[in-house]
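What follows is one structure encoded as structure tokens, with my remarks underneath.
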Amino acid sequence: MTEDASTGGAEADEGLFGLLGRIEFRLAQACIALMTVLVLASAVTRTVGRPASWTVDLATFTFAWAVFLGADVAWRRSNMVSINLLVDRLPERPRAWVGLVNLVLIATFLAVMVWTGTMLVRTAQDRGLSGLPGLSYAWVTAAVPVGCLLMLLTTVVKMRRTLAEARGATTS
């Protein structure tokens, strides 16, 4: 994940939304790097006969956060897998409206994920991590509602941009 990668319009993100995106990007990078080190440390300690179980638990934590933060980084940059075979053949105005309907569906799904993810956190708060007794599993599952909320924010920004494009297409 490099910032020089295709940004898909992310370079225009300024202000608080842009700052949030840069913070997410760095946190996702840190989680991936830390997860890699932890998995390596786990393998080495197991090989020498002194397994450190906490490394696996912390790697699980960083993996969950890397997935959901990284998903929003990719979503902001329009780097998600997309099949546009039919939509690309539409004229500009209908294509923009199909895109807007798609974003509404995505926003609905993400809102449900924020809700259900919050319920997941509540059910996991009494569960501990075996290698890290002071850390609740709720911190791992919190990546779901937080990440989905960040993606929902990105979706709302995309909806506003798409709506502006659709309206612009009607005047041209």
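The values are calculated or read from the model by the stated rules, or taken from the named source; none is laboratory data. If you're wondering where the values come from, they're calculated on a predicted model, not measured in any experiment. Cβ: placed from backbone, ideal geometry, glycine included. Neighbour counts: every protein chain shown.
Yes or no: T45 hydroxyl-bearing (S, T, Y) and surrounded by fewer than 18 Cβ atoms within 10 Å (Cβ to Cβ)? The answer is yes for T45. When restricted to residues that are free of Cβ contacts under 8 Å to residues at least 12 places away in the same chain and either of a type in the set (A, V, I, L, M) or in contact with a strand residue (DSSP E or B) (Cβ under 9 Å, 6 or more places away or on another chain) (or both), the stretch 95-124 contains 5.
Taken over the stretch 47-92, the criterion of being under 21 Å from T155 (Cβ atoms) and either touching a Ser or Thr at 6+ places or on another chain (Cβ under 7 Å) or hydroxyl-bearing (S, T, Y) (or both) is satisfied by D72, W75, R76, R77, S78, N79, S82. Can you name every residue in the stretch 10-60 that is under 17 Å from the mean Cα position of the chain (by Cα) and modelled with pLDDT under 90? If the condition is that a residue be under 17 Å from the mean Cα position of the chain (by Cα) and modelled with pLDDT under 90, then A10, D13 are the ones that fit. In the stretch 83-116, how many residues are over 22 Å from A164 (Cα atoms) and of a type in the set (G, A, S)? Matching residues across the stretch 83-116 total 1. Can you find a residue in the stretch 27-43 that is touching a residue at least 60 places away in the same chain (Cβ under 8 Å) and outside any loop (DSSP other than H, G, I, E, B)? Looking for residues that are touching a residue at least 60 places away in the same chain (Cβ under 8 Å) and outside any loop (DSSP other than H, G, I, E, B), one finds none in the stretch 27-43, hence no.
Looking at this structure, is L149 out of contact with any Phe, Trp or Tyr (no Cβ under 8 Å at 6 or more places or on another chain), under 30 Å from L19 (Cβ atoms) and exposed (fewer than 12 other Cβ atoms within 10 Å of the Cβ)? So that I can check it myself, show each step before the final result.
Numbers: out of contact with any Phe, Trp or Tyr (no Cβ under 8 Å at 6 or more places or on another chain): yes; under 30 Å from L19 (Cβ atoms): yes; exposed (fewer than 12 other Cβ atoms within 10 Å of the Cβ): no.
No, not satisfied.
Listed by first and then second residue, the pairs with beta-carbon distance under 7 Å, at least 6 apart or on different chains, first residue in the stretch 133-159 and under 14 Å from F61 (Cα atoms), second of a type in the set (D, E) and assigned to a helix (DSSP H, G or I), are G147/D72.
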